[in-house]
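*Asks:* Here you go, one structure.
Read the figures in this text as sums done on the coordinates, not as results from a lab. Keep in mind that this is a model prediction, so the values were computed, not measured. Please note: Cβ atoms are built from the backbone with ideal geometry, for glycine as well, and neighbour counts cover all protein chains shown.
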Amino acid sequence: MKNSEELKGLVQTIILLHETNSFNELASYISDDAKNEDSWFSEKRFYEVCEAINKELGNMVSLTYISSLKRKSTTLTLWKATYNKNKDEVLWQIIFDSVSNKIQLLHINWEQI
């Protein structure tokens with residue numbers, strides 16, 4: 001895994017690609033396994049998430065690293081973000097492949113339960 005500053009820059013880029021609706025650019029950061037499966041990474045789902053982020057959250061104001069969980073072949077990273085339209089803290093969970101450093105799974109959670 002990259003050092004913490006490189007990793008934070010990568011995560012900022014990933015979040016920015018959601019803010020700018022850049023599906024094709026984000027696809028270059030996604031592992032082949034995630035793209036080949038009938039999984040969470042679809043163009044339709046991406047644009048739905050981007051629309052919800054824009055409508056409910058706006059643009060990212062800050063990003064803070066929380067922690068990582070290292071596993072056999074992946075690393076789960078947890079990030080806290082704040083946005084300009086909402087004072088709630090948002091959790092980004094990004095699982096990276098330990099060899100390729102590409103995204104295996106990505107989840108954002110801000111909705112109130």
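*Asks:* Return the only residue of Ile94, Ile14 being outside any strand (DSSP E or B), of a type outside the set (S, T, N, Q), surrounded by 12 or more Cβ atoms within 10 Å (Cβ to Cβ) and in contact (Cβ under 8 Å) with a residue 24 or more places away in the chain. Give the steps one after another, and end with the answer.
*Replies:* On the way: Ile94 fails: outside any strand (DSSP E or B).
Unique residue meeting the criteria: Ile14.
*Asks:* Residues of the stretch 62-91 being of a type outside the set (S, T, N, Q), assigned to a strand (DSSP E or B) and surrounded by 12 or more Cβ atoms within 10 Å (Cβ to Cβ), which ones?
*Replies:* Scanning the stretch 62-91 gives Leu63, Tyr65, Leu76, Leu78, Trp79, Lys80, Ala81, Tyr83, Val90, Leu91.
*Asks:* Sticking with this one: For the stretch 35-60, give me each residue that is loosely packed, with under 13 Cβ neighbours inside 10 Å and either more than 15 Å from Leu106 (Cβ to Cβ) or in contact (Cβ under 8 Å) with a residue 60 or more places away in the chain (or both).
*Replies:* Listed by number, the residues that qualify are Asn36, Asp38, Lys44, Glu51, Lys55.
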